[in-house]
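Colleague: A single structure is presented below for examination.
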């Protein structure tokens, strides 16, 4: 089911009842990025809140803070094209799941409001505060066409895109390599040269 709402919640004001938002989506390097003012784009081993190809965050809806954000991550801007691959849970003050969306991004609640359900864009301070959280968030995406249930299905269909097999043309591969930091480019270059030389040595021995 794409949308579920707990029995008895629909009649209440979600703005008052919902205290936390849990967000899960596949972090695809081609469509997601973390950037900051100093380093530009960050890379795979530096993606905060990403584990096994999945991004997961818990947001306090009253303080607009990511509870699992660490200060050492610094101030970062997260942009991800998620479309319908994300899963979103609303929790009450006791952390009981009251709503679920396994569909397009609820941009009435998650920035930016003009992204039509395709993107998540978060300006995150080092204390976890999301600067661009909407002043008047809308929970309508959680209500419209939602199935009323006695218990929310809390399962998440994980599709870690980073583990997917991908094929690139030479030009595409070079473009990706040139986006890496210089020291990584040099290390990869050394490895490639070493592999080529090893191949020549094997041919000479034959």
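Colleague: Considering the convex hull of the alpha carbon atoms of the range 13-97, report its projected area averaged over all viewing directions, in nm², one decimal.
Modeller: 6.5 nm²
Colleague: Let me ask another. Shape call for the range 53-130 from the C-alpha gyration tensor, a ≥ b ≥ c root eigenvalues: rounded (a/c under 1.5), prolate (a/b greater than b/c) or oblate?
Modeller: Oblate.
Colleague: Can I ask one more? Distance in nm between label sites at residue 136 and residue 150, each 7 Å beyond Cα in the beta-carbon direction?
Modeller: 3.9 nm
Colleague: Can you list, bin by bin at 10 Å, the percent of alpha carbon pairs in the range 3-163, starting at 0?
Modeller: For the range 3-163, the binned pair fractions read 11, 41, 36, 11, 1 percent.
Colleague: Next question, about the same structure. Given the Cα atoms of the range 83-162, and with Rh set as the inverse mean 1/r over their pairs in the Kirkwood sense, what is Rg to Rh to two decimals?
Modeller: 0.97
Colleague: While we're here: Between residue 12 and residue 29, how many nm apart are label points set 7 Å from Cα along the C-beta direction?
Modeller: Once both label points are built, they end up 4.4 nm from each other.
Colleague: Calculate the spin-label point distance for residue 127 paired with residue 56, positioning each point 7 Å from the Cα along the beta-carbon direction, and give it in nanometres.
Modeller: 2.7 nm
We did not get these values from a lab; they are worked out from the coordinates using the rules stated. Being a predicted model, the structure only gives us computed values, none of them experimental. Cβ: placed from backbone, ideal geometry, glycine included. Neighbour counts: every protein chain shown.
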